[in-house]
Amino acid sequence: LQRDAKGQYLFDLLCHHLNLLEKDYFGIRFVDPDKQRHWLEFTKSVVKQMRAQPPFTMCFRVKFYPTDPAALKEEITRYLVFLQIKRDLYHGRLLCKTSDAALLAAYILQAEIGDYDPGKHPEGYSSKFQFFPKHSEKLERKIAEIHKSELSGQTPATSELNFLRKAQTLETYGVDPHPCKDVSGNAAFLAFTPFGFVVLQGNKRVHFIKWNEVTKMKFEGKTFYLYVSQKEEKKIVLTYFAPTPEACKHLWKCGIENQAFYKLEKSSQVRTVSSSNLFFKGSRFRYSGRVAKEVMESSAKIKREPPEIHRAGLVPSRSCPSITHGPRLSSVPRTRRRAVHISIMEGLESLRDSAHSTPVRSASHGDAFAGPGRGGRAESSERVAVIADESYSPADSVLPTPVAEHSLELMLLSRQANGAPCSIEEEKESEAGTPAAEAEAGGELRALCPGAGGLGPAQAQQVNKFVLSVLRLLLVTVGLLFVLLLLLIVLTESDLDTAFFRDIRQTPEFEQFHYQYFCPLRRWFACKLRAVVSLLIDT
């Protein structure tokens, strides 16, 4: 990848590799050294967006969830969205009742291992697969019962389509949660869905605001403001506090992009948005892609032979298959899976976690599923981008956490035995970077990007922000002085006799300024100018 290559180039290269045409729903995400997630901006250089030394890790995933995923034109697109929602289910982002959870898991089984076969699937076979943060024997029996009796004969494409239709009906479909606190200090998760802005607390949705009711979004430091105009001209302002200013800015940018994508009729209506009322202060951002309506119209015009889809077998411990030709691990005992993962881990670095986009946690295990995903630390360390010739399968990825395998097993067993949920901090760590989870829709990208020396990433960013602020202030000051100078020249030298100028000229203050200061200054300037001209003529 060339140093000046834009994000759009890398994204187009990846979509070409995946044979994907309905690509506007997807994006590339990475994590900076401060463990903050970012979406790769397609209009900017890839290298300049990275604040760490190469290699960088970037993950392909759904950025804008389709309003109706079953209406997507091509099966390859539906399959990638299916992988993403399955990942959301595994990490506890997609809240659902026990009956819905069993049905969704049964669809996954049918799509990835086919019809029930007594010879291949012994008693308790569904317990070998991890669909949710936590399982129960009763739920596993329900999953197997539905898979055996109700889904026989469904092709993978049909099962995936039914899965999407069911997932779309859930309240938390399309939720990518951002951890925040409300004005009372209570923990909450903010999210943007295809239908509007959502606030979650625990396993409940406490606010839902449609996109046409959102009038403005802005942030100052760690504080995020959402301006809402509801019926009967009722206007409210919702205020939330993000963990860091960078997290707040990312939340704001995600909100701007989602509102533009789902609300606007065409991309020509997109405007540059400022985070502050003063144009020389704060951040400015503009969504650069197409909007949902344009994407649907473009998809309807696609006419080609459906591309071949290489479905991987279900990975029991991760539920994260790949669309590439990677090795398949289906119905593999957990002991063998651990051995495979341990061999793959050799030579790999420990990956840092991310503190953003934590999964939603459920307070109970009865009717809802929401909990920390035992994700590894993949998205968190910037590794980079070579789009390798060999195919990548998340099944052959790193362990969920970079701890020793026996320590991981004991830790998980003790937690399950005690029934204690993970803490918020552990949730943040676990969700933040799962290489297979974040890259499950397309796999991990690797690209050669040259690094830059000098100041550390954090110091360089602070210096850049300060320099930009000073330049903006200087530019505004010079602009104002230039406008005042033009107005002064018009008042003193022009013959315009409008009412506005006449009123100003007749004021005592202006007459005093004109005769005592401006006229002497003009004579002095004219004298100096004549002297310089005569000197140039003589020489």
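The values are calculated or read from the model by the stated rules, or taken from the named source; none is laboratory data. The structure presented is a predicted model; accordingly, all values stated were derived computationally and were not measured. No Cβ is skipped: glycine too gets one built from the backbone with ideal geometry, and neighbour counts run over all protein chains shown. Just the protein is used for accessible areas: all its heavy atoms, side chains included, with ligands, DNA and RNA removed. Shrake-Rupley method; radii C 1.70, N 1.55, O 1.52, S 1.80 Å.
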Notebook entry, point to check: Got at least one residue in the stretch 203-226 being aromatic (Phe, Trp, Tyr), closer than 22 Å to Cys96 by Cα and assigned to a strand (DSSP E or B)?
Noted result: yes
Note to self: Looking for something buried (at least 20 other Cβ atoms within 10 Å of the Cβ) and among the hydrophobic types (A, V, I, L, M, F, W, C) - is there at least one such residue anywhere in the stretch 226-234?
What the structure shows: yes
Note to self: Being in a loop (DSSP other than H, G, I, E, B), at pLDDT below 95 and surrounded by 23 or more Cβ atoms within 10 Å (Cβ to Cβ): is that true of Gly174 here?
What the structure shows: yes
Next item on the list: Taking Lys166 as the residue in question, decide whether it is open to solvent by 40 Å² or more (accessible area, probe 1.4 Å) and within 27 Å of Leu104 (Cα to Cα).
Entry: yes
Next item on the list: Kindly list, by first and then second residue, each pair from a residue in the stretch 510-522 that is free of Cβ contacts under 8 Å to residues at least 60 places away in the same chain to a residue that is open to solvent by less than 90 Å² (accessible area, probe 1.4 Å), limited to pairs with Cβ atoms under 7 Å and residues at least 6 apart or on different chains.
Entry: Phe510/Ile504; His514/Thr492; Phe518/Thr492
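So, Ser136, is that one surrounded by fewer than 18 Cβ atoms within 10 Å (Cβ to Cβ), over 30 Å from Tyr25 (Cα atoms) and outside the structural domain of Leu264 (by the TED database) or not? Give the steps one after another, and end with the answer.
Details: surrounded by fewer than 18 Cβ atoms within 10 Å (Cβ to Cβ): yes; over 30 Å from Tyr25 (Cα atoms): yes; outside the structural domain of Leu264 (by the TED database): yes.
Spelling it out, Ser136 is indeed surrounded by fewer than 18 Cβ atoms within 10 Å (Cβ to Cβ), over 30 Å from Tyr25 (Cα atoms) and outside the structural domain of Leu264 (by the TED database).
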Notebook entry, point to check: Taking the stated definitions as given, is Tyr65 open to solvent by 50 Å² or more (accessible area, probe 1.4 Å), in the same structural domain as Glu160 (by the TED database) and of a type in the set (Phe, Trp, Tyr)?
Noted result: no
Next item on the list: Quick one: in the stretch 1-58, of everything that is without any contact (Cβ under 8 Å) to a residue 60 or more places away in the chain and part of a loop (DSSP other than H, G, I, E, B), which residue is surrounded by the fewest Cβ atoms within 10 Å (Cβ to Cβ)?
Entry: Asp4
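Looking at Phe241, Phe208, which one is in contact (Cβ under 8 Å) with a residue 60 or more places away in the chain and open to solvent by 10 Å² or more (accessible area, probe 1.4 Å)? Before you say what the answer is, go through the steps one by one.
Values: Phe208 fails: in contact (Cβ under 8 Å) with a residue 60 or more places away in the chain.
The match here is Phe241.
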Next item on the list: Considering only the stretch 211-223, state which residues are open to solvent by 40 Å² or more (accessible area, probe 1.4 Å) and basic (Lys, Arg).
Entry: Lys216, Lys222
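Name the residue that is most open to solvent (accessible area, probe 1.4 Å), counting only residues in the stretch 96-126 that are polar (S, T, N, Q) and touching an Asp or Glu at 6+ places or on another chain (Cβ under 8 Å).
Initial filter on the stretch 96-126 (polar (S, T, N, Q)): 98-99, 110, 126.
So of that shortlist, the ones also touching an Asp or Glu at 6+ places or on another chain (Cβ under 8 Å) come out as 98, 126.
Details: Thr98: 49, Ser126: 4 Å².
By that ranking, first place goes to Thr98.
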